[in-house]
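*Asks:* Can you keep this structure in mind? I'll have questions shortly.
The values are calculated or read from the model by the stated rules, or taken from the named source; none is laboratory data. Given the structure is predicted, the values throughout are model-derived calculations rather than measurements. We place every Cβ from the backbone using ideal geometry, glycine too, and count neighbours over all the protein chains shown.
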Amino acid sequence: MPRFYDTCAGPIRGLYLPSVAWGILQQEEIQTLEQLVDIADRLEQFDGIEPRMAEVIREALARVAPPEEQMIGEMQLAPWCA
């Protein structure tokens with residue numbers, strides 16, 4: 001899959017997201033992995049996060065979240081996504 005966004009480290013250790021995403025998460029006071037997991041199914045509702053960026057965030061989240069935290073809404077991510 002081609003990369004559409006350059007990513008960088010932010011306040012959530014081990015997570016690399018586009019700088020725009022970090023700015024939006026900061027505005028929304030999302031500062032922990034747990035908080036991000038909790039809102040992962042609603043990312044598109046935040047101003048500035050379009051569907052493709054939400055997908056990028058979810059993919060990054062799937063790589064770093066412990067398996068028990070890899071839930072998006074009511075659905076757990078498949079183990080091969082981690």
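*Asks:* Any residue at all in the stretch 27-37 that's under 14 Å from Val64 (Cα atoms) and of a type in the set (S, T, N, Q)?
*Replies:* Yes: the stretch 27-37 contains one or more residues that are under 14 Å from Val64 (Cα atoms) and of a type in the set (S, T, N, Q).
*Asks:* Contact list please: Cβ distance under 8 Å, first residue in the stretch 9-29 and within 11 Å of Met53 (Cβ to Cβ) and in contact (Cβ under 8 Å) with a residue 24 or more places away in the chain, second residue assigned to a loop (DSSP other than H, G, I, E, B) and of a type in the set (A, V, I, L, M), pairs at least six apart or on different chains.
*Replies:* Correct list of pairs: Ala21/Ile49; Ile24/Ile49.
*Asks:* I need the full set of residues from the stretch 17-34 which are within 12 Å of the chain's Cα centre (by Cα), surrounded by 13 or more Cβ atoms within 10 Å (Cβ to Cβ) and not in a helix (DSSP H, G or I), in order please.
*Replies:* Leu17, Pro18, Ile30, Gln31
*Asks:* Turning to a different aspect of this structure: Taking Asp47 as the residue in question, decide whether it is on the phi < 0 side of the Ramachandran plot and either surrounded by 11 or more Cβ atoms within 10 Å (Cβ to Cβ) or at pLDDT below 90 (or both).
*Replies:* Working: on the phi < 0 side of the Ramachandran plot: yes; either surrounded by 11 or more Cβ atoms within 10 Å (Cβ to Cβ) or at pLDDT below 90 (or both): no.
Spelling it out, it is not the case that Asp47 is on the phi < 0 side of the Ramachandran plot and either surrounded by 11 or more Cβ atoms within 10 Å (Cβ to Cβ) or at pLDDT below 90 (or both).
One line per residue, one yes/no per condition, for (1) at pLDDT 95 or above; (2) on the phi > 0 side of the Ramachandran plot; (3) small (Gly, Ala, Ser):
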site: Ser19; (1), (2), (3): no, no, yes
site: Trp22; (1), (2), (3): yes, no, no
site: Glu34; (1), (2), (3): no, no, no
site: Leu43; (1), (2), (3): yes, no, no
site: Glu59; (1), (2), (3): no, no, no
site: Pro66; (1), (2), (3): no, no, no
site: Ile72; (1), (2), (3): no, no, no
site: Ala78; (1), (2), (3): no, no, yes
